[in-house]
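Chemist: Here's a structure for you.
No lab work stands behind these numbers, since they all come straight from the coordinates. This is a predicted model, so every value here is computed, not measured. Heads up, the Cβs are rebuilt from the backbone with ideal geometry, glycines too, and the neighbour counts pull from every protein chain shown.
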Amino acid sequence: MVDNLIEYKCPCCGGKIEFDSGLQKMKCPFCDTEFDVETLKNYDDILKSDKAAPNEMNWGKKPSGAWQDGETDNMSVYICDSCGGEIVCDDTTAATHCPFCGNPVIMAGKFTGELRPDCVIPFKLDKEAAKEAFARHLKGKRLLPKAFKTDNHIDEIKGVYVPFWLFDTDSNVQITYRATKVRAWSDSKYNYTDTRFYSVTRGGSVSFQNIPVDGCSKIPNDLTESLEPFDFSQAVDFQTAYLSGYLADKYDVSQEQCADIANARVRKSTETEFTSTVVGYSTVTPQSVNIKLSNGKAKYALLPVWLMTTTWNGRQYLFAMNGQTGKFVGDLPMDVGAFFKWFLGIAAAVSSALLLLSYIVYFDL
Amino acid sequence: MRKRFISLFAVFVIIIVAAAPAFASKDTSSDAETPHHVIDDNGKLSDKDRAALEKSAAKVYGTYGVDIFVYLSDDVIPHPQSAGEKIYDSKSYVNAAVIMMCDPDDTYVCAYGRASHIFTSDELDGICTLSEGQKGYRKIFSKFISEVGERLNALGVQPIPEERLLPRLVDDAELLDGDEEGKLLKKLDRISEDQQLDVVIVTKYSLDGKTSTQYADDFFDYNGYGFGQDHDGILLLIGMEDRDWAISTTGKGIDVFTDKGQQYMTDRFVPYLSNGEYYDSFVEFADLCDEFITRYDETGVALDYGDMSERKPSAFEFARSSIIGSIIVGLAVGFINAIILMRDLKSVSSQTDARTYTVQGSLKITTRSDLFLYNVVNRTARPSNDSNSSNSRGSSENNGSSTHYSSSGESHGGSSGHF
């Protein structure tokens, strides 16, 4: 009995829907659309379950690694006057220039840190490989100013362990889509289109592992994201010994702040994965998306990056190479003159060729 | 003396004998040229009546170019239409005729040739009923002849001359100077003679209250333009009062210049008219006509909308479009290439998803429902092919020429507009 008192809303126009005793169906008095009672109940259930499950994107467990006594004794900290970067290295390595902005650094004293990294991917590629990669990076770039190539001091390349937060999570999801199937046909007088509306629901889970988010504010996020992917199967437990000969940075962006970036990426991938299972429709539009994250874990990791800065025409350019895979990234300056030379040169060549060709065709030469 | 008289007589006789066939033949030929408008199988008309009827029928023919016959049969006519057709066909020089046929039971009026396009069947019935009301065959026929004459007069029908009365260029609106007029007329004459299809250009200030199409059709018909029996030709009329232009096509011209073909032509020469460059416009028109006719004669198919792309453009047109086209394409290719080279310098971009970090095989779908809610059927009317009153002729619906009849009953194609 109680069921009969429930008000249903029309999925088509949102109006209050009534039972039509003549039709033995639910009929919307506003838009005249008819529904089976069963269909409406199911649809209502879907709507309710959507409302009952608010979006949750909280990361659970925090990393809690602590330095052991004496572990940081051999580590020194340098501070950059210019960008404020804090560089950590062991006593055997002397940093003279900030790897992020290229300015001279000064020794600040002994290292004091909050968190001990959980894991580290050791450098696989040495400085020579980085120099070669840089040379390759400049090669074949026709719009690169010539002077930029010759004036560069690639000796300034520094191997830096960049702090990353690695997020693991299981994503539980329920997505409701409004989908349509359109069929068209015609007779002698009319063209017909039949649009069938569906409420499509997909629920389930998908897991993500080691989504890296750069915890260092000195390096732009898009630069570190461009270095992806890292092979985390080669990650090992952190030992200070790995720092020997390299610089390291301390994280200055907290795990909570980084979580937002990871959330957005998980959300987008989850939606894409589930939407790809909705097939056979003409249009598919998500109506409600509920994503709940569980078993969230964050790790603190140091990832190997070769960094190089250079200043050209008053602008600073930062280049980076993935110290594990050798992927080299960094935007290069453009020679505006060369741009127009190529633009107009190709335009003139193509135009003349076309003109010649058209004359040959016209005059049947 | 007697001998002399005999020889003189003999010469006279020889002359007479020799001249007799000439007189005789002249006599028969004039007999054949005289149309017998009255055919009286019944002998109910007196010679005087017949002569009067012949005279009034001949007058109508002379004034309007439409012949009139009356046929009095002593037998019942089973198929009046075909009986009339026989009479019409036997007078081979006639291309328009109205025939009244009377048998002991009934009276019929039928129209043939151009006349069938001048009078509707209702009008013919009207004439028949009016004439039948008279007493006696003489009165019936004379009423019939005068009624047809009056109606032709009201419609402004005139006889179509056998010969062309005016030159192929009539510049009454004085749009061309003497030099231009001479050159253009020469060109029109050359094209017309070569192609055996009259290409005529007429400029007028006022169109005397007619539509431009009516005026162009009538001007063509009543000035005897057109080659051959079908009066093959095309006429371009310019009316300066309302800045009208109209094309009228006749005979083979209807097949050569289809609706789409004319549209193409007007797209080419009307812009010149709008700029006041009348001579250039007329030259363009004449050249296009020449080209269209040549193409029709070569292939047997009219240049139509779809063929326009196949038409070889003039060297100037070609140079203009190929230079502009090449420069545009060249600039586009050059720009795209430069942008590609520019993008080469960019290697930094954000990652927006976590696809790479999906644990393989971890995607589990636990809920899967595809619930049909409702459907909406929309119906839109298909564009229908309107059947309008004008006829069409040609290979297919889209490529043909639409035709209409002018006041003289002649069939014309054409188009019109303002500039």
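Chemist: Counting other C-beta atoms within 10 Å, which of A:321, A:75 has the fewest, and how do the rest follow?
Modeler: Ranked by crowding around the Cβ, least crowded first: A:75, A:321.
Chemist: How about residue A:127: which lysines have a C-alpha closer than 21 Å to its C-alpha, ignoring those fewer than 8 places off in the same chain?
Modeler: Cα-Cα hits under 21 Å: A:139, A:149, A:158, A:327.
Chemist: Please average, across the residues of A:209-215, the number of beta carbons from any other chain that are within 10 Å of each residue's own beta carbon, and give a whole number.
Modeler: Mean shielding count: 3.
Chemist: Considering only the other residues whose Cβ falls under 9 Å of the Cβ of residue A:198, what net charge follows from Lys and Arg at +1 and Asp and Glu at -1?
Modeler: Overall, the nearby charge balance is +2.
Chemist: Ok, one more. Expressed as a fraction of 2.2 N^0.38 Å, the rule-of-thumb size for a compact globular protein of N residues, what is the C-alpha radius of gyration of segment B:33-155?
Modeler: The reported ratio for this selection is 0.94.
Chemist: Could I ask something else about it? Please average, across the residues of A:339-347, the number of beta carbons from any other chain that are within 10 Å of each residue's own beta carbon, and give a whole number.
Modeler: Whole-number average of other-chain Cβ neighbours for A:339-347 is 6.
Chemist: Continuing with the same structure: Would you please give the FRET efficiency between residue B:328 and residue B:55, computed as 1/(1 + (r/R0)^6) with r the Cβ-Cβ distance and R0 = 51 Å, to the nearest 0.05?
Modeler: After rounding to 0.05, the efficiency reads 0.10.
Chemist: Quick one: Karplus J couplings for segment B:111-123, per residue in order, coefficients 6.51, -1.76, 1.60, θ = phi - 60°, nearest Hz, x for Gly and Pro?
Modeler: Each residue's phi maps through the Karplus curve to give 10, 9, x, 4, 4, 5, 8, 7, 9, 7, 5, 5, 5 Hz.
Chemist: Straight distance only, please: which lysines reach the Cα of residue B:260 with their own Cα at less than 21 Å, same-chain residues fewer than 8 apart left out?
Modeler: B:252, B:312
Chemist: Here's something else I'd like to know. Arrange the following residues from fewest to most other Cβ atoms within 10 Å of their Cβ: A:364, B:232.
Modeler: In order of increasing Cβ crowding within 10 Å: A:364, B:232.
Chemist: Between residue B:174 and residue B:162, with labels modelled 7 Å along Cα→Cβ, what's the label distance in nm to one decimal, could you check?
Modeler: Simple spin-label model gives 3.8 nm for this pair.
Chemist: Residue A:25: which aspartates and glutamates have alpha carbons under 13 Å from its alpha carbon, excluding same-chain residues fewer than 8 sequence positions away?
Modeler: Correct list for residue A:25: A:34, A:36, A:38.
Chemist: Efficiency by 1/(1 + (r/R0)^6): what FRET value for residue A:284 and residue A:317, r their Cβ-Cβ distance, R0 = 45 Å, to the nearest 0.05?
Modeler: The computed FRET efficiency comes out at 0.55.
Chemist: Given R₀ = 60 Å, FRET efficiency for residue B:89-residue A:353 by Cβ-Cβ distance, to 0.05?
Modeler: E(calc), rounded to 0.05, equals 0.35.
Chemist: Is there a simple number for the mean count of other chain Cβ atoms within 10 Å of the Cβ of residues in B:316-328, and what is it?
Modeler: Mean inter-chain Cβ contacts per residue within 10 Å come to 4.
Chemist: Considering only the other residues whose Cβ falls under 14 Å of the Cβ of residue B:138, what net charge follows from Lys and Arg at +1 and Asp and Glu at -1?
Modeler: With Lys, Arg at +1 and Asp, Glu at -1, the neighbours total +2.
Chemist: Among residues other than residue A:226 whose Cβ falls under 12 Å from its Cβ, what is the net charge (Lys/Arg +1, Asp/Glu -1)?
Modeler: My count for the surroundings of residue A:226 gives -3.
Chemist: Work out the P(r) tail for segment A:252-365: percent of alpha carbon pairs separated by more than 20 Å, whole number.
Modeler: When every Cα pair of segment A:252-365 is considered, 75 percent fall beyond 20 Å.
Chemist: Just in segment B:104-209: which GluC sites (Glu not before Pro) are loop by DSSP and have at most 15 other Cβ atoms within 10 Å?
Modeler: B:162, B:163, B:174
Chemist: While we're on this one: When DSSP assigns beta bridges and you keep just the ones with both residues in segment B:169-307, what percent turn out antiparallel, to the nearest 5?
Modeler: Antiparallel bridges: around 45 percent, rounded to the nearest 5.
Chemist: Could you line up A:83, A:98 from fewest to most neighbouring Cβ atoms inside 10 Å?
Modeler: In increasing order of surrounding Cβ atoms, one gets A:83, A:98.
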